[in-house]
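Q: After the structure tokens below, expect a handful of questions from me.
The values are calculated or read from the model by the stated rules, or taken from the named source; none is laboratory data. Computed from a predicted structure; not experimentally measured. Glycine also receives a Cβ, built like all others from the backbone with ideal geometry; neighbour counts cover every protein chain displayed.
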Amino acid sequence: MRYVNRVIGMSVILLLMAIFLVLECTSCGKGQSRVDNLIQSIASGNEKERTAAYDELRHSRAKMIQDLIAIVNQPVVQGEQYANTTTPRNLAIYLLGNMRAPEAVPHLVNWLAPHPQQDTTWFTDVAPAVVALAQIGKPAVPHLLKLISITPKGEARDRAIWLIKNIEGEECGKIILKKAIEQEKDPEKKANLEKVLSSLKKINEQIGENKGEGE
């Protein structure tokens, strides 16, 4: 029961963080007082008041997701830090992942690699969009396959492959790739998918050879 309460509590905190972020980026002063009221209601000892606050948060989820997506899609400012988790864009990306928002996937895949104007000085291998897409899980896979099919090389492609393997598991990932290859009509896209499948097979063969030598 404690675990369930903790999970519910974290979900509420994330939703409230999302509200704060949206309000900060839209400069909505009236909304700020509503957030304060929601916080007081959630902390209230009155069960009816708490339930009403939870219901309001749930009903506002769709609107919140759209507002967060709008923040993700804002124009890049020269020098914006790609992996800085405190920027409004990256906070929005993390929140969309925590909210398991499948609606956000087409927008998040655009951030698997840095934008040319972004600063990668503090770059890390764990890009915010990778974390968010991993949390969203299976709904992200079709969009990741699409990205791979039109991207012959690069960071975004490599991360998309990594995500498919980690979301579906390596063997299921291969099956999904094979199905995508069978269904793809465009020769160039099919070739890109075949390259990915071939590279995964080679990696497995190499691992098998190394194990054999170790024995």
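Q: List the helices (runs of 4 or more DSSP H) that sit entirely inside the range 125-203 and contain at least 3 residues that are charged (D, E, K, R).
A: Numbers: elements: 128-136, 141-150, 155-168, 170-183.
In the range 125-203, 155-168, 170-183 are the helices (runs of 4 or more DSSP H) which contain 3 or more residues that are charged (D, E, K, R).
Q: Return the residue satisfying two criteria in turn: it lies in the range 59-81 and is of a type in the set (A, V, I, L, M) and within 17 Å of LEU95 (Cβ to Cβ), and of such residues it is surrounded by the most Cβ atoms within 10 Å (Cβ to Cβ).
A: LEU68
Q: Here is a follow-up. Tell me yes or no: at least one residue of the range 97-113 is in a helix (DSSP H, G or I), modelled with pLDDT of 85 or more, farther than 27 Å from ALA180 by Cβ and not basic (Lys, Arg).
A: yes
Q: For PRO88, work out the one condition from (1) more than 25 Å from GLU184 (Cα to Cα); (2) crowded, with 18+ Cβ neighbours inside 10 Å; (3) not basic (Lys, Arg) it doesn't fulfil.
A: Here PRO88 clears every test but (2).
Q: Does the range 74-96 hold any residues that are hydroxyl-bearing (Ser, Thr, Tyr) and assigned to a loop (DSSP other than H, G, I, E, B), and which are they?
A: TYR82, THR85, THR86, THR87
Q: Filter the range 175-215 for residues that are basic (Lys, Arg) and modelled with pLDDT under 85 and give the result.
A: Result: LYS201, LYS202, LYS211.
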